[in-house]
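A.B. asks: First, the structure itself, so that you have it in front of you.
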Amino acid sequence: MEVMENGGANMKGLLNKEMRHGRTAHNMSSSSLRKKSDLTLVSKVNFGPLKDMLVNIQEVVLGTKLSILLPAVPIAIVAQCYGFGRSWVFALSLLGLTPLAERLSFLTEQIACYTGPTVGGLMNATCGNSTELIIAIFALSRNNVALVKYSLLGSVISNLLLVLGTSLFCGGLVNLREEQKYDRRQADMNLLMLFVALHCQLLPMLFHYAGVSEGVTAESSLQLSRAASIIMVIAYFAYLVFQLWTHRQLFEDQDQNEEEGDTDSDEAVIGFWSGCVWLVGITVIIAVLSEYVVETIEDASNSWGLSVSFLSIILLPIVGNAAEHAGAIIFAFKNKLDISLGVCLGSATQISMFVIPLCVILAWILGIQMDLSFNLLETGSLALAIITTAFTLQDGTSHYMKGLVLFLCYIIIGACFFVQRTPSNQISASGIMLKLTREAVFRA
C-alpha cells in the first residue's frame, strides 16, 4: 500500500513537472497576481450545476488581486452606450483591459492543463500578447495604421526599458547584499531575435532615403515589408520550436525544481469546457473595450492635450500590460531574474517577430497598405532600446544601477514623445525629407 502511495505521489510530481514545461514566463508572471479562492460558502451548495457555476465565478472573477479594477468594464460600456465623455470611455476601457488581460492568461493556462505541455506551451506562447493584437486588429479595421505601429512599438520599448529596468532596479535594492545572476543564454537568444526584427524594420525605412521617386519608394518598401513579415513569422515559429522542444531547458527557471511542494498553481481549478467558454467570453469583452480604445484615443488626445503618439507609445503599454509588468517586478524581488527576463524579453520578442509582421500580413489581406517602415524617431528609439538592453545584459549579473539606467532611458524617450506634437495623420519624417530634397533639386 505504501509503495502504491509513493508511486502515485511520484507520478503526480512527474505530471506537475511536465505541466511546468508547458508554462512560459508570461504565465508564471501573471500567476504572481492570483489569490487562492475561499470556497467555504460555495462548498455548502448541494445543487451540482449551481455549485460549479459559483466555483467558476469565484475562480475566474474573484481569483485575482486585480479584481478591484473589474467594475471599470461595465462602467466603460455604460459610458459608451449613454454618450458620456469620450476621454472617460478611453480611460475606463484601459483600466478594464488590465485585469482582463491577466484573466486571459489564467484561462489559457487552465486549458493548457488538459491539453498537455506541448499544446499548452504553444497556446501560452502565441496568446501572451493577445490584447495588443486585438487592439491592432480594430485599429487596422479603421485604417488607422499609425495607431497600430505606435502601440506595438510602445509595447516593445516598454518591455525592454520600463519593465526590465524597474525589475532590475527593485530586485537590486532588495538584494543589495546578494549578487543577482541569470542565465545569459536565454537573454542572448531573445536579443538576437530582436536584432532580426530591427533589421527587418530598418531596411524598409532606408528605402525612403534611397528611392528615386516617392511612388516607387513606397511600393518597394511595401513589397519588402510583406516579404520580410512572412520571413519573420517563419522565424518566430522556429523560435517556438527552439523554446518549447529542442532547447526548452534554456527558458526554464532553475528554481522551479526546488518548489515541488507548491503544486496548487499547476492543477486546474475549472473544467476544460468551462475554461473554453470563459476564454471566449473574456476575449469578446476585450474586443469590445479595444474597439472603445481605438474609437476614443483621438478624443482623449484632444481633451488631455497629449499627442496620439504619446498615448499610444507610452500610456497604452503601461496600463494594458500592468498585470504582466507587476509580475515581472515581483519575481525580481524574489531574486528570480530568469523569469523576469523571460517576461520582458519574451514579450518584446513576440510582439516584434510575430504580432507586428502578422499585422502587416492581415493588412495585406484587407487591402490596406501597411509596411514595416516606422518614422525615423520611432525606429531610432527602438534601436537605442535594443542596443542599451543588449549591453546591460551582457555579463550575466545584475544590480540596481543597471535597472536605473534602463528606467532613465525610458523616461527620456517618454519625454521625447511627450513634447512631440505630430498628429497621427501628419506626413512621416521620411516623406518630409524626400519632399524637401525634391524641392531643392528643382530650385537648383
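The values are calculated or read from the model by the stated rules, or taken from the named source; none is laboratory data. The model shown is predicted, which means the values in this text are computed figures rather than measured ones. So basically every Cβ, Gly included, is an ideal-geometry build from the backbone, and we count neighbours across all protein chains shown. When the accessible area is computed, the model is the full protein with side chains, heavy atoms only, and any ligands, DNA or RNA have been set aside. Shrake-Rupley method; radii C 1.70, N 1.55, O 1.52, S 1.80 Å.
A.B. asks: Quick check on Glu260: is it charged (D, E, K, R) and modelled with pLDDT of 80 or more? I'd like the intermediate steps shown before the answer.
C.D. replies: Working: charged (D, E, K, R): yes; modelled with pLDDT of 80 or more: no.
Spelling it out, it is not the case that Glu260 is charged (D, E, K, R) and modelled with pLDDT of 80 or more.
A.B. asks: Okay, next question. In segment 384-406, what residues are closer than 28 Å to Ile231 by Cβ, touching a helix residue (DSSP H, G or I) at 6+ places or on another chain (Cβ under 6 Å) and not polar (S, T, N, Q)?
C.D. replies: Those that are closer than 28 Å to Ile231 by Cβ, touching a helix residue (DSSP H, G or I) at 6+ places or on another chain (Cβ under 6 Å) and not polar (S, T, N, Q): Ala385, Ile386, Ala390, Leu393.
A.B. asks: Condition first: surrounded by 18 or more Cβ atoms within 10 Å (Cβ to Cβ) and farther than 17 Å from Ser141 by Cβ. Now tell me which residues in segment 286-311 satisfy that.
C.D. replies: Ala300, Ser301, Ser307, Val308, Ser309, Phe310, Leu311
A.B. asks: Go through segment 299-351 and count every residue that is within 30 Å of Ala238 (Cβ to Cβ) and touching a strand residue (DSSP E or B) at 6+ places or on another chain (Cβ under 7 Å).
C.D. replies: Within segment 299-351, residues that are within 30 Å of Ala238 (Cβ to Cβ) and touching a strand residue (DSSP E or B) at 6+ places or on another chain (Cβ under 7 Å) number 1.
A.B. asks: Also, I was wondering about something else. Kindly list the number of the only condition in (1) open to solvent by less than 10 Å² (accessible area, probe 1.4 Å); (2) outside any helix (DSSP H, G or I) that fails for Glu178.
C.D. replies: The failed condition is (1).
A.B. asks: I'd like the residue in segment 157-175 that is in a helix (DSSP H, G or I) and open to solvent by 10 Å² or more (accessible area, probe 1.4 Å) and, out of all such residues, is farthest from Phe331 (Cα to Cα). Before you say what the answer is, go through the steps one by one.
C.D. replies: So in segment 157-175, the residues in a helix (DSSP H, G or I) come out as 157-174.
When the remaining residues are screened for being open to solvent by 10 Å² or more (accessible area, probe 1.4 Å), the result is 162, 166, 169-170, 173-174.
Details: Leu162: 15, Thr166: 12, Phe169: 12, Cys170: 10, Leu173: 13, Val174: 11 Å.
So the residue we want is Leu162.
A.B. asks: Still on this structure, please answer the following. Could you list, ordered by first residue, the pairs with Cβ atoms under 7 Å in which the first is in segment 295-309 and under 16 Å from Leu94 (Cβ atoms) and the second is at pLDDT below 85, at least 6 apart or interchain?
C.D. replies: Once the first residue is under 16 Å from Leu94 (Cβ atoms) and sits in segment 295-309, its partners that are at pLDDT below 85 give Val308/Pro423; Val308/Ser424.
A.B. asks: Within segment 417-444, restricting attention to residues that are at pLDDT 65 or above and surrounded by fewer than 17 Cβ atoms within 10 Å (Cβ to Cβ), which residue is nearest to Gln186 (Cα to Cα)?
C.D. replies: Here the residue is Phe418.
A.B. asks: Right, another one. Just wondering, is there one or more residues in segment 296-305 that are in contact with a Lys or Arg (Cβ under 9 Å, 6 or more places away or on another chain) and hydroxyl-bearing (Ser, Thr, Tyr)?
C.D. replies: Looking for residues that are in contact with a Lys or Arg (Cβ under 9 Å, 6 or more places away or on another chain) and hydroxyl-bearing (Ser, Thr, Tyr), one finds at least one in segment 296-305, hence yes.
A.B. asks: When you go through Ala139, Ala79 one by one, which is the residue that is touching a Phe, Trp or Tyr at 6+ places or on another chain (Cβ under 8 Å), hydrophobic (A, V, I, L, M, F, W, C) and either modelled with pLDDT under 90 or part of a helix (DSSP H, G or I) (or both)?
C.D. replies: So the residue among Ala139, Ala79 that is touching a Phe, Trp or Tyr at 6+ places or on another chain (Cβ under 8 Å), hydrophobic (A, V, I, L, M, F, W, C) and either modelled with pLDDT under 90 or part of a helix (DSSP H, G or I) (or both) is Ala79.
A.B. asks: Still on this structure: What number of residues in segment 312-348 are acidic (Asp, Glu) and surrounded by 24 or more Cβ atoms within 10 Å (Cβ to Cβ)?
C.D. replies: Residues in segment 312-348 being acidic (Asp, Glu) and surrounded by 24 or more Cβ atoms within 10 Å (Cβ to Cβ): 1 in total.
A.B. asks: Taking the condition of being more than 30 Å from Phe207 (Cβ to Cβ) and open to solvent by 20 Å² or more (accessible area, probe 1.4 Å), how many residues in segment 375-414 meet it?
C.D. replies: Let us first name the residues in segment 375-414 that are more than 30 Å from Phe207 (Cβ to Cβ), namely 392-408, 411.
Those left that are additionally open to solvent by 20 Å² or more (accessible area, probe 1.4 Å): 394-395, 397, 399-402, 404-405, 407-408, 411.
The total comes to 12.
A.B. asks: For the subset of segment 202-229 comprising residues that are of a type in the set (Val, Ile, Thr) and open to solvent by 40 Å² or more (accessible area, probe 1.4 Å), which member is modelled with the highest pLDDT?
C.D. replies: Ranking the qualifying residues of segment 202-229, first place goes to Val216.
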